[in-house]
Amino acid sequence: MRLPKFDYHQPTTIEEAVAALAGSPGARLLAGGTDLLVNMKLRVDLPQTLVGLDRIPGLRGSTQADGRTVMGAKTTLKDIQNDPVLLERYPALVQAARAVGSYRHQTMGTLGGNLCQNTRCRFFNQSQEWRSVRSLCYKAGGEDCHVMNKKGVCYSTYSGDVAPALLVLDARVRLQGPDGGREIPLAEIYSGEGKSPLALGPSEVVTAVVLPENSANGRSCYLKQGLRGSIDFPIVGAAVARFDGGLRVAYTAVDRSPVRAAEVEAELEGRELTGELIDKVAPLCRKAATVTRTTTQPVPYKRELMAALFRKAARTLV
Ligand SMILES: Cc1cc2nc3c(=O)[nH]c(=O)nc-3n(C[C@H](O)[C@H](O)[C@H](O)COP(=O)(O)OP(=O)(O)OC[C@H]3O[C@@H](n4cnc5c(N)ncnc54)[C@H](O)[C@@H]3O)c2cc1C
């Protein structure tokens, strides 16, 4: 499959990148390209202009500052796996980076690109020919969501591996836009809406991810169930971190954004964590998201996986 035509900018500073985005409405950032370029080849994403991040220095690698860990948005998933400090402090993050796609996706794919990847659906991530046998779905420019048979909504699913790991580790995201920089909790970059899953301003760039010092004191874990051992997106991915006073739990591939299992966390707060207690609250995990049939796997199976992965991850930590 060939790429459609597009204009390409290669700014050398973040300010230039922001200006290039602001100057071409609909322009998109290009990091590793392992998500965006595939969607462009499928003709489900057709930006006229791409703004490459490759020539901007200072966005790759992790540093420790004021007791916090700061990871540049261009840090690759392989860089994360090869960083001994990250492995010791944030094992869930390293396990999630290891779980992404294949070797090539991990060497090319970046932290920023992974967090900002598009949502997915069996009616959307298909070739033009496949999609031409029925009306376009709402996300691809039509009227109806074929998953829910509803007009004007999109239930496509966020399926990135890294976001749930960062959610349980209390990550924050640094953004740069036309009005300057800001830092917000990671959860706030997601809109919870399938058609436009990111809540960033049109010209905003993720520049870094910030983690608190020793978030969860090294007690965190990410587990993924996929169809095969590599290349596949998660059917369900679950991250769990142990803090004084309880557990934090987050999921991917079950809703329109990565989700925290608030009810489960509340049920465990302040209680002595035992295997018995974990088994008792595990069924609550099934209700942590609005699971829809955006993949070929049935919804009850995915709900069952949410409980099973929680049980396994939480028991590992306890
Ligand atoms: C066969 C296949 C299997 C895959 N398997 C998995 C998997 O198992 N798990 C998984 O998580 N992903 C998977 N992916 C998706 C993708 O490879 C990864 O998510 C990768 O990390 C994306 O990073 P990237 O740098 O290549 O993003 P890009 O493709 O460059 O960008 C993705 C999106 O993020 C935006 N973006 C990029 N950087 C920034 C930034 N700094 N600020 C704001 N927006 C930005 C881009 O504009 C684009 O919309 C798979 C892809 C394929 C094709």
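The values are calculated or read from the model by the stated rules, or taken from the named source; none is laboratory data. Predicted model only: the values in this text are computed from it and were never measured. Using ideal geometry, Cβ is built from the backbone for each residue, glycine included, and neighbour counts are taken over all protein chains shown.
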message: Condition (residue is assigned to a loop (DSSP other than H, G, I, E, B), over 15 Å from PRO258 (Cβ atoms) and free of Cβ contacts under 8 Å to residues at least 60 places away in the same chain) applied to segment 189-200: is it met by at least one residue?
response: yes
query: Would you call VAL281 without any contact (Cβ under 8 Å) to a residue 24 or more places away in the chain and either buried (at least 21 other Cβ atoms within 10 Å of the Cβ) or within 19 Å of the chain's Cα centre (by Cα) (or both)?
result: yes
- prompt: Residue check: is GLY101 at positive phi, near the ligand (Cβ under 8 Å from one of its atoms) and under 18 Å from the mean Cα position of the chain (by Cα)?
  reply: yes
- prompt: What is the one condition in (1) within 8 Å of the ligand (Cβ to nearest atom); (2) in contact (Cβ under 8 Å) with a residue 60 or more places away in the chain that LYS74 does not satisfy?
  reply: (2)
- line: Selection from segment 28-45 of residues more than 9 Å from the ligand (Cβ to nearest atom) and touching a Leu at 6+ places or on another chain (Cβ under 9 Å) yields MET40, LYS41
query: Using beta carbons and a limit of 9 Å, which pairs, at least six apart or on different chains, have the first residue in segment 229-252 and at positive phi and the second one within 14 Å of the ligand (Cβ to nearest atom)?
result: ILE231/GLY101; ILE231/SER102; ILE231/HIS105
- request: State whether the residues of segment 131-139 include one that is among the hydrophobic types (A, V, I, L, M, F, W, C) and assigned by TED's automatic domain parsing to the domain that holds GLY246.
  value: no
